[in-house]
Amino acid sequence: MEQKQKLLVLIGPTAVGKTKLSIQLAKRFNGEIISGDSMQIYKGMDIGTAKITEEETEGIPHHLIDIKNPDEPFSVAEFQELVRKKITGISARGKLPMIVGGTGLYIQSVIYDYQFSDAPSEPQFRESLETEAGQTGGVEKLHARLAEIDPESAERIHPNNVRRVIRALEIHHCTGMTMTEYQQEQQPDLLYQTALVGLTMDRDKLYERIDMRVDLMMQQGLLEEVESLYKAGIRDCQSIQAIGYKELYDYLDEKVSLDDAIEILKKNSRRYAKRQLTWFRNKMDVEWFDMSEPIDPEKKFAEISRFIEGKLQITANTYY
């Protein structure tokens, strides 16, 4: 029986401290990091996505960052394919592949045996939706219909990603289930020998850190970053739906004041963190580690390391 490739996955809500820990773990276990964030793939979107800087990498190789222009679409299926290739390549080099991020569906699609093309289809129904999409206002109507029956998918899928909207509607039409429910019904197996490490934190403290992070992003030039995309005509794209961008676009469109846009950004970030935790807890078999202060960083790191060593049957600085 072929041995599964080893994989470390580090997940958790925004602002919980994944980046710093990921570098420590990569050094300890001879790892290379694959971004598990669906928005860090976009060039020119650095501050708002909390993209790691070259200095912060400390020489650890990072993958799937800055691989798309902001006006290009990106799907879960494409992410799945790219990450699985990266895992194979990193393993072949004798390194430990590490996925680090917070986009639950994307990470889930990689580590479990999901086959997106296997979902039921009905060509006649799909063609009728494609015809409807080509009519005036048809794209918006299809997305509104999806929002009614499958709000979770509607939130993930931009209205202009017509192919994905239609696919979600088609799955519901054929199965009576939402796309997420259908994937859960598949009960897929883990493709890799996986250590799933989750970081959590006292909610009030986490929300405080999120608010502080937004303030820091503004100081670092988030508004100027968003303005550059705005002036370049990047609009109605999947990338601009990211938290931190859509709120400031509303300010630039003169729909809200800057102070209100920042407050909305903080609120949306807190809500997103809550959704991230709910997703991970309900849909993935995660070993959770509480990062609430006060903690002893060295003891916490040792505790996490011991879990990884046991789960993957590896020791520090030696992969196989």
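The values are calculated or read from the model by the stated rules, or taken from the named source; none is laboratory data. The structure presented is a predicted model; accordingly, all values stated were derived computationally and were not measured. With ideal geometry, Cβ positions are generated from the backbone for all residues, glycine too; neighbour counts draw on all protein chains shown.
Some points to look at:
- Residues in the stretch 261-295 that are over 20 Å from the mean Cα position of the chain (by Cα) and of a type outside the set (A, V, I, L, M, F, W, C) were compared, and the one that is surrounded by the most Cβ atoms within 10 Å (Cβ to Cβ) is E263.
- Q219 at pLDDT below 95 and of a type in the set (S, T, N, Q): no
- Within the option set I99, I87, being touching a residue at least 40 places away in the same chain (Cβ under 8 Å), buried (at least 20 other Cβ atoms within 10 Å of the Cβ), farther than 28 Å from D215 by Cα and aliphatic (A, V, I, L, M) holds for one residue only, I87.
- Total residues in the stretch 154-164, condition assigned to a helix (DSSP H, G or I), in contact (Cβ under 8 Å) with a residue 24 or more places away in the chain and under 21 Å from P123 (Cα atoms): 2
Each row is one residue, and each column tells you yes or no for (1) among the small types (G, A, S); (2) crowded, with 20+ Cβ neighbours inside 10 Å; (3) over 25 Å from G233 (Cα atoms).
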position: Q5; (1), (2), (3): no, no, yes
position: G17; (1), (2), (3): yes, no, yes
position: R28; (1), (2), (3): no, no, yes
position: Y42; (1), (2), (3): no, yes, no
position: I52; (1), (2), (3): no, yes, yes
position: E55; (1), (2), (3): no, no, yes
position: A77; (1), (2), (3): yes, no, yes
position: E81; (1), (2), (3): no, no, yes
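Here's the yes/no breakdown for (1) at positive phi; (2) among the hydroxyl-bearing types (S, T, Y); (3) in contact with a His (Cβ under 7 Å, 6 or more places away or on another chain); (4) in the same structural domain as V110 (by TED's automatic domain parsing):
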{"residue": "I11", "(1), (2), (3), (4)": "no, no, no, yes"}
{"residue": "N30", "(1), (2), (3), (4)": "yes, no, no, yes"}
{"residue": "S35", "(1), (2), (3), (4)": "no, yes, yes, yes"}
{"residue": "G48", "(1), (2), (3), (4)": "no, no, no, yes"}
{"residue": "K51", "(1), (2), (3), (4)": "no, no, no, yes"}
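- For the stretch 42-71, filtering for residues that are closer than 27 Å to Y112 by Cβ and without any contact (Cβ under 8 Å) to a residue 24 or more places away in the chain leaves 1.
Listed here are the residues, each with its yes/no results for (1) at pLDDT 95 or above; (2) touching a His at 6+ places or on another chain (Cβ under 9 Å); (3) at positive phi.
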position: Y230; (1), (2), (3): yes, no, no
position: Q241; (1), (2), (3): no, yes, no
position: I262; (1), (2), (3): yes, no, no
position: M284; (1), (2), (3): no, no, no
position: S292; (1), (2), (3): no, no, no
position: N317; (1), (2), (3): no, no, yes
position: Y320; (1), (2), (3): no, no, no
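Quick grid of which residues meet (1) of a type in the set (A, V, I, L, M); (2) closer than 30 Å to K20 by Cβ; (3) not assigned by TED's automatic domain parsing to the domain that holds I33:
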| site | (1), (2), (3) |
| --- | --- |
| I90 | yes, yes, no |
| P97 | no, yes, no |
| G102 | no, yes, no |
| V110 | yes, yes, no |
| E132 | no, no, yes |
| G137 | no, no, yes |
| L142 | yes, no, yes |
| I149 | yes, no, yes |
